[in-house]
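The structure appears below as structure tokens.
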Amino acid sequence: MIVVKTIKEVREIVKGWRKEGATIGFVPTMGYLHEGHQSLIKAACENDKVVVSIFVNPMQFGPTEDLATYPRDLEHDKEKCSQAGADLIFAPEPSEMYHDNFQSYVDMNLLTQELCGLSRPCHFRGVCTVVAKLFNIVMPDKAYFGQKDAQQLAIIKRMVDDLNMDIEIVGCPIIREEDGLAKSSRNTYLDPQERKAALVLSKAVKLAEKLILGGEKNCETIVSAMKELVNSEPLAKIDYIKIVSLDTIQQIPQITDNCLVALAVYIGKTRLIDNYFYQS
């Protein structure tokens, strides 16, 4: 497995693979990899070569968010990538991705207005910009994203379609701990008491699934039940709990085919997300 830090090196390596007729799978990450990331890398191994980017993107963090404290451990990440079958790690410095006079951005309307886009202004501008840059650098055939970040997945799919990028976006299932908590690099922030309290997210998701599969169609009824459950946990503070159309990421009054039940909850100071896809 190769580890590089410059755009020039990535392009030269990928160009060589292309000359050999290889297909390229790509997994963009912010590092501190866990089994969820490894599941994406393993899925990408359906291609001949797999590239993983490890870059904590400053552009997608707000001024009061955890950019400085976001967990970083490149040696740990190298091991996780090697175990999962990656061929190349691209781990640039911010100065490699954004030069001093950088002033070009990728923005989007509608899909970014709800959920995380509402509570984290400019977040998805940063996501779209860095992902577009990474796609231009790596030029993959397929790129793999986790369904835990459901809004991000929908936005990346829309960006690729709108901008005519010749890349297939593959969504991969949420990977959970044995007790149900969705895997996240931010789980490392939780102390033992908070870790136990964080289970309220997956419990709320399961409650929504049970209600919907039991025939409940009224979104307000489902969201109210989820809020009551989350509010019963003293360490939990709701950012949002909403049900939206997967096509528009806009709230809907009734459960329909292809909708998303999504929540973001602070456990102490740590913001966690989870969701449930419903497709009839």
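The values are calculated or read from the model by the stated rules, or taken from the named source; none is laboratory data. Computed from a prediction, not measured in an experiment: that's the story for all the values here. Cβ coordinates were reconstructed from backbone atoms using ideal geometry, including for glycine residues, and neighbour counts include every protein chain displayed. Accessible surface areas use protein heavy atoms only, side chains included; no ligands, DNA or RNA. Shrake-Rupley method; radii C 1.70, N 1.55, O 1.52, S 1.80 Å.
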Output for the stretch 258-278, where each listed residue is outside any strand (DSSP E or B) and without any contact (Cβ under 8 Å) to a residue 60 or more places away in the chain | 258
If you take the residues of the stretch 82-113 that are within 30 Å of residue 260 (Cα to Cα) and either polar (S, T, N, Q) or buried (at least 19 other Cβ atoms within 10 Å of the Cβ) (or both), which of them is modelled with the lowest pLDDT?
-> 109
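Please go through the stretch 188-197 and pick out each residue that is in contact with a Ser or Thr (Cβ under 8 Å, 6 or more places away or on another chain) and either assigned to a loop (DSSP other than H, G, I, E, B) or open to solvent by less than 30 Å² (accessible area, probe 1.4 Å) (or both).
Across the stretch 188-197, the qualifying residue is only 190.
Residues checked against (1) polar (S, T, N, Q); (2) within 19 Å of residue 152 (Cβ to Cβ); (3) open to solvent by less than 40 Å² (accessible area, probe 1.4 Å); (4) in a helix (DSSP H, G or I):
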position: 205; (1), (2), (3), (4): no, yes, yes, yes
position: 239; (1), (2), (3), (4): no, yes, no, no
position: 243; (1), (2), (3), (4): no, yes, yes, no
position: 249; (1), (2), (3), (4): no, yes, yes, no
Considering each residue of the stretch 10-50, count those that are in a helix (DSSP H, G or I) and either over 27 Å from residue 68 (Cα atoms) or among the small types (Gly, Ala, Ser) (or both), and give that number.
-> 14
What about residue 72, is it among the basic types (Lys, Arg), in a loop (DSSP other than H, G, I, E, B) and touching a residue at least 12 places away in the same chain (Cβ under 8 Å)?
-> yes
State all residues of the stretch 95-128 that are in a helix (DSSP H, G or I) and farther than 14 Å from residue 29 by Cα; if no residue qualifies, say none.
-> 95, 96, 97, 116, 117, 118, 119, 123, 124, 125
Pick from the stretch 153-175 the residues that are touching a helix residue (DSSP H, G or I) at 6+ places or on another chain (Cβ under 7 Å) and either part of a strand (DSSP E or B) or under 25 Å from residue 197 (Cβ atoms) (or both): which of them is most open to solvent (accessible area, probe 1.4 Å)?
-> 173
